[in-house]
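*Asks:* This structure is in structure tokens; I'll ask about it shortly.
The values are calculated or read from the model by the stated rules, or taken from the named source; none is laboratory data. Quick caveat, the model's predicted, so the values are computed rather than measured. Counting neighbours? That spans all protein chains shown, and the Cβs are built from the backbone with ideal geometry, glycine included. To get the accessible areas, we keep the full protein, side chains included, count just its heavy atoms, and leave off ligands, DNA and RNA. Shrake-Rupley method; radii C 1.70, N 1.55, O 1.52, S 1.80 Å.
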Amino acid sequence: MVLAVLGLVASIAFAAVRAREGRVNAADVLYPGDTPALTEVTVPSTADPTTGAIPVSAAGVGERGDGATVDVYLDPMCPWCGVLERTNGEDLAELVAQDGVTVVYHPVAILDDVSQGGVYSTRAVNALGVVADRAPEAFPAFLTALFAEGTQPKEGTTGLDDDALASLAGDVGVPDDVVETLTARTDSGRTFAGWAAATAPLIPPNSSGRAVTPTVLIDGQRWEGDFTVPGTLRAAIESAHR
């Protein structure tokens with residue numbers, strides 16, 4: 001009986017240690033204090049300084065084309081953002097490459113509080129910022145990988161841990177020396193934690209006055225179509241691009 005109790009106590013203690021090891025220290029990740037303005041934080045070198053967004057065109061990441069502009073606001077934890085990307089990501093990539101459309105990605109972190117202390121949205125947005133800044137050619141593939149079926153974490157979980165984010169980045173071609181900086185931090189949280197904090201309030205509100213993800217704009221106008229139906233978003237973009 002005594003041995004059984006001791007074994008149970010040891011198991012509980014071991015589980016507690018493992019839980020502490022896996023826990024993210026939010027203070028080391030998040031931008032401290034009030035929500036900053038974009039002008040007060042470090043943004044990726046490929047980001048538009050006025051919006052903080054990452055444009056992707058046939059000219060490359062950080063460059064705008066001459067055709068239609070599609071703004072996409074996504075939170076890495078948002079399940080419907082995953083549906084949007086998985087349903088339309090390939091179409092968007094083809095339009096960028098073939099038709100000169102610019103897709104402007106706005107990675108935002110509004111769901112940290114539903115990732116069980118894992119502050120996953122900010123960690124993933126920061127990782128996207130590092131890749132956009134230091135390995136921009138891999139940014140589209142990394143974004144797609146974050147939302148892939150079976151990879152995007154479910155809402156309400158802690159999300160992918162830092163090792164998983166690093167592995168995912170390496171798998172899509174992010175150089176090792178860049179992968180090593182995904183968790184680098186400053187006195188203001190991780191490298192692009194301030195960027196993640198500053199961009200969230202820039203989501204254009206919907207008709208109910210709420211800022212939600214996903215949000216899609218085509219040439220500055222909110223698109224209210226059904227992004228869950230393959231080809232619907234593409235058709236709307238092509239119509240605007242004529």
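*Asks:* For region 202-222, which residues satisfy the criterion of being surrounded by 15 or more Cβ atoms within 10 Å (Cβ to Cβ), of a type outside the set (Val, Ile, Thr) and either closer than 13 Å to Leu92 by Cβ or at pLDDT 95 or above (or both)?
*Replies:* The answer is Leu202, Pro214, Leu217.
*Asks:* Yes or no: region 223-241 includes at least one residue that is of a type in the set (Lys, Arg) and either buried (at least 19 other Cβ atoms within 10 Å of the Cβ) or in a helix (DSSP H, G or I) (or both). Break it down into steps so the answer makes sense when it comes.
*Replies:* As a first pass, look at region 223-241 and keep what is of a type in the set (Lys, Arg): 234.
Going one step further and asking which of them are either buried (at least 19 other Cβ atoms within 10 Å of the Cβ) or in a helix (DSSP H, G or I) (or both), we end up with 234.
Within region 223-241 (the criterion being of a type in the set (Lys, Arg) and either buried (at least 19 other Cβ atoms within 10 Å of the Cβ) or in a helix (DSSP H, G or I) (or both)), the answer is yes, since at least one residue qualifies.
*Asks:* Here is a follow-up. Restrict the check to region 67-75 and report whether at least one residue is among the small types (Gly, Ala, Ser) and in contact with a strand residue (DSSP E or B) (Cβ under 8 Å, 6 or more places away or on another chain). Quick ask: steps written out before the conclusion?
*Replies:* First, pick out the residues of region 67-75 that are among the small types (Gly, Ala, Ser): 67-68.
Keeping just the survivors that are in contact with a strand residue (DSSP E or B) (Cβ under 8 Å, 6 or more places away or on another chain) gives 67-68.
Yes, region 67-75 contains a residue that is among the small types (Gly, Ala, Ser) and in contact with a strand residue (DSSP E or B) (Cβ under 8 Å, 6 or more places away or on another chain).
*Asks:* Can you spot a residue in region 171-182 that is over 27 Å from Val83 (Cα atoms) and either among the hydrophobic types (A, V, I, L, M, F, W, C) or at pLDDT below 95 (or both)? Break it down stepwise before answering.
*Replies:* Keep residues of region 171-182 that are over 27 Å from Val83 (Cα atoms), which gives 175-178, 180-181.
Among the residues that remain, those that are also either among the hydrophobic types (A, V, I, L, M, F, W, C) or at pLDDT below 95 (or both) are: 178.
Yes, there is a match, as at least one residue in region 171-182 is over 27 Å from Val83 (Cα atoms) and either among the hydrophobic types (A, V, I, L, M, F, W, C) or at pLDDT below 95 (or both).
*Asks:* What residue, among those in region 40-60 that are open to solvent by less than 30 Å² (accessible area, probe 1.4 Å) and hydrophobic (A, V, I, L, M, F, W, C), is nearest to Phe192 (Cα to Cα)?
*Replies:* Here the residue is Val41.
*Asks:* Here are the criteria: (1) closer than 25 Å to Thr35 by Cβ; (2) at pLDDT 95 or above; (3) among the charged types (D, E, K, R). Tell me which single one Asp113 does not satisfy.
*Replies:* Condition (2) is where Asp113 drops out.
*Asks:* Limited to region 177-196, what total is found for residues that are open to solvent by less than 30 Å² (accessible area, probe 1.4 Å), part of a loop (DSSP other than H, G, I, E, B) and out of contact with any Ser or Thr (no Cβ under 7 Å at 6 or more places or on another chain)?
*Replies:* 1
*Asks:* State yes or no: is Asp66 of a type outside the set (Phe, Trp, Tyr), crowded, with 20+ Cβ neighbours inside 10 Å and under 30 Å from Val229 (Cα atoms)? Steps first, please.
*Replies:* Values: of a type outside the set (Phe, Trp, Tyr): yes; crowded, with 20+ Cβ neighbours inside 10 Å: no; under 30 Å from Val229 (Cα atoms): yes.
Criteria not met by Asp66.
*Asks:* Need at least 1 residues that are more than 15 Å from Val172 (Cα to Cα) and touching a His at 6+ places or on another chain (Cβ under 9 Å) per element, so show me which helices (runs of 4 or more DSSP H) inside region 65-153 make the cut, counting only ones lying wholly within it.
*Replies:* Qualifying helices (runs of 4 or more DSSP H): 79-99.
*Asks:* Now a separate question. I'd like to know if region 137-155 contains one or more residues that are farther than 28 Å from Trp223 by Cβ and touching a helix residue (DSSP H, G or I) at 6+ places or on another chain (Cβ under 7 Å).
*Replies:* Checked region 137-155: no residue is farther than 28 Å from Trp223 by Cβ and touching a helix residue (DSSP H, G or I) at 6+ places or on another chain (Cβ under 7 Å).
*Asks:* Given the structure, is Asp91 closer than 19 Å to Gly62 by Cβ, open to solvent by 10 Å² or more (accessible area, probe 1.4 Å) and in contact (Cβ under 8 Å) with a residue 40 or more places away in the chain?
*Replies:* Here the answer is no, as Asp91 does not meet what is asked.
*Asks:* Identify the single condition in (1) in a helix (DSSP H, G or I); (2) of a type in the set (A, V, I, L, M); (3) surrounded by 13 or more Cβ atoms within 10 Å (Cβ to Cβ) that Ala164 does not satisfy, given that it satisfies every other one.
*Replies:* Against the list (1) in a helix (DSSP H, G or I); (2) of a type in the set (A, V, I, L, M); (3) surrounded by 13 or more Cβ atoms within 10 Å (Cβ to Cβ), Ala164 comes up short only on (3).
*Asks:* Against the definition (open to solvent by less than 20 Å² (accessible area, probe 1.4 Å) and of a type outside the set (D, E, K, R)), how does Thr199 come out, yes or no? Give the derivation first.
*Replies:* Details: open to solvent by less than 20 Å² (accessible area, probe 1.4 Å): yes; of a type outside the set (D, E, K, R): yes.
Yes: the conditions hold for Thr199.
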